[in-house]
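What follows is calculated from the coordinates using simple rules that are stated; it is not laboratory data. In this text the structure is predicted, and so the values were computed from the model without any measurement. Positions of Cβ are backbone-derived with ideal geometry, glycine not excepted, and every protein chain shown enters the neighbour counts.
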Amino acid sequence: MARLKASFCVEGCDMALRTVTVHRAGNRPNLFLGGDRELVMFTGLLAFALIFSAQELRATAFGVGLWVVALFLFRLMAKADPRMRHVYMRHRRYKAYYPARSTPFRGNEREYK
């Protein structure tokens, strides 16, 4: 448990410092088997559906192989940055080009290509 000290006092003040407890469980990334929880579980669900819908030895080998490779890649991704999926999803929402304007309500007479 980490303890943060916060001081709202200017020089010469005789107030004691207030400590705030920050619990580690509330700050940890949401990982499962070392990778992003949602990605690992969704890939496991896809592999499970493939194995039990086809019910063949080749499909079983392919489903298990798919899940193992995906788990390896998700663990590498989480090791680099545990919140990489969230960063990528936010990046996808951005536009490719933002024209320079003074305000969002200004009329844009030029066509940008």
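Some points to look at:
- Listed from fewest to most Cβ neighbours within 10 Å, the set THR43, THR21 follows the order THR21, THR43.
- Each residue in ASP81, ASP36 was given a count of other beta-carbon atoms within 10 angstrom of its own, and listing them fewest first yields ASP81, ASP36.
- Residues whose amide H lies under 5 Å from that of ASP36, counting only those 5 or more places away or on a different chain, are ALA78; hydrogens are built 1.01 Å from N in the peptide plane.
- Put in line by how crowded their Cβ is, counting other Cβ atoms within 10 Å and starting with the fewest, LEU17, LEU33 read LEU17, LEU33.
- Translational diffusion of the range 35-92 was estimated from the Stokes-Einstein equation, with Rh taken as the Kirkwood radius over Cα pairs; at 25 °C and 0.890 mPa s the coefficient is 203 µm²/s.
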